[in-house]
1. Out of the residues in the range 205-239 that are more than 23 Å from HIS121 (Cα to Cα) and either touching a residue at least 12 places away in the same chain (Cβ under 8 Å) or aromatic (Phe, Trp, Tyr) (or both), state the one that is farthest from the ligand (Cβ to nearest atom).
2. Looking at ARG26, ARG22 in this structure, which one is within 11 Å of the ligand (Cβ to nearest atom), surrounded by fewer than 18 Cβ atoms within 10 Å (Cβ to Cβ), of a type outside the set (Gly, Ala, Ser) and assigned to a loop (DSSP other than H, G, I, E, B)?
3. Kindly evaluate GLY194 against the criterion of being surrounded by fewer than 15 Cβ atoms within 10 Å (Cβ to Cβ), free of Cβ contacts under 8 Å to residues at least 24 places away in the same chain and assigned to a helix (DSSP H, G or I).
4. For the range 83-96, indicate whether the set of residues that are in contact with a Phe, Trp or Tyr (Cβ under 6 Å, 6 or more places away or on another chain), touching a residue at least 40 places away in the same chain (Cβ under 8 Å), under 30 Å from PRO292 (Cβ atoms) and within 16 Å of the ligand (Cβ to nearest atom) is non-empty.
5. So, in the range 197-239, of the ones that are at pLDDT below 95 and over 24 Å from ILE158 (Cβ atoms), which residue ends up surrounded by the fewest Cβ atoms within 10 Å (Cβ to Cβ)?
6. Name the residues in the range 130-159 that are of a type outside the set (Asp, Glu), surrounded by fewer than 16 Cβ atoms within 10 Å (Cβ to Cβ) and farther than 22 Å from THR10 by Cα, would you?
7. I need the full set of residues from the range 82-93 which are under 20 Å from the mean Cα position of the chain (by Cα) and either of a type in the set (Phe, Trp, Tyr) or under 21 Å from ALA36 (Cβ atoms) (or both), in order please.
8. In the range 1-30, what residues are without any contact (Cβ under 8 Å) to a residue 40 or more places away in the chain and touching a Gly at 6+ places or on another chain (Cβ under 8 Å)?
Amino acid sequence: MRARTLPGTTITAPNVVLGLMRIAQRSDEQIRELVAAAREVGIDFFDHADIYGGAPHACERRFGEALRLSSAEREQVTIQSKCGIVPDGPYFDFSSAHIVDSVHGSLAALGTDYLDLLLLHRPDALVEPDEVARAFDELAAAGKVRYFGVSNHTPAQIELLRASLDQPLVVNQLQLSLPHAPMVAQGLAANMTGLDQSLQRDGGVLDYCRLHQITVQAWSPFQAGQGRGVFLGSPDYPELNAVIDRLAAGYGVAPEAIATAWITRHPAQMQVVLGTTTPARVRAAAEGSDLPLTRPEWYELARAAGHHVP
Ligand SMILES: NC(=O)c1ccc[n+]([C@@H]2O[C@H](COP(=O)([O-])OP(=O)(O)OC[C@H]3O[C@@H](n4cnc5c(N)ncnc54)[C@H](OP(=O)(O)O)[C@@H]3O)[C@@H](O)[C@H]2O)c1
């Protein structure tokens, strides 16, 4: 498993991590098996959010109840959570009170005294950066959150926050998979006419994050995007799956490893956030952590996923 110190932190983090968005209905034993499978392949970094699981903090609570980490065990793992989405609406709330309350709920549910990372989950149009700064100052001073980041934010939204914050924003978690890759594919078709791909929708977020040492975390790495389900093995993606399967056979790995490697091979040093609840799929994807896809292979995958490579 490839790992590095996350820029702006002292955290050594693997480039494949486990998201726990889908564990609400899993038993304690299943959660322990999933986490054990992750730990065995070097994944000691776990992604949560206050909203995962339907009821507030439901998945965080399942994780906390199943693992009951001792303080020594807690120190061996990195726990990240998110706040700012209010599902009952839905709407977004980056007020100081909401952020602080959410973190308190996360800590209680997870059974821990601190979060290693807290991300603002989705942009709040009504954001007042000084309110965010007040919450971050309070949480940092109390030792309840070590580092901060965002998710689904554009460069300008990050700049707006940065102007008020004392803490660096070290992570931006964004949707990215082979078929859903606008932030990667746009640059390939820049300044071309007649192509949807050439439209920049994200303010150049990938290059911005690279320039500012903000680690991009790729969420839903196996989903086609826009609610179209999993692309691996799907008859809707015959060309892509043919290339994935051929490369998987050549490297002697599972298809999940190739889909993971397309992201880890990118020089932005992104982290892939897996969402599977199947231990075998965690092991399979982890094999993509350091798979040296060649340039021709990487571009062939991009083309097979439907992106225009002029
Ligand atoms: N920041 C955000 O806005 C945001 C949004 C969504 C998610 N996330 C984070 O990203 C994580 C991953 O999201 P995700 O769950 O949508 O990602 P994913 O890893 O792309 O999808 C996992 C889902 O696909 C299923 N699946 C079916 N076939 C699969 C295969 N061959 N390989 C892998 N999975 C297969 C899994 O089922 P099984 O469980 O049965 O294996 C699981 O339901 C979440 O846990 C969460 O932490 C963040």
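The values are calculated or read from the model by the stated rules, or taken from the named source; none is laboratory data. Since this is a predicted model, take the numbers as computed values, not measurements. We place every Cβ from the backbone using ideal geometry, glycine too, and count neighbours over all the protein chains shown.
1. GLU239
2. Every option except ARG22 fails the conditions.
3. no
4. No, the range 83-96 has no match at all.
5. Of everything passing the filter in the range 197-239, GLY227 is surrounded by the fewest Cβ atoms within 10 Å (Cβ to Cβ).
6. ALA156
7. PHE92
8. Applying the first criterion (without any contact (Cβ under 8 Å) to a residue 40 or more places away in the chain) to the range 1-30 yields 3, 5, 10, 12, 24-25, 27-29.
Result: ALA3, ALA24.
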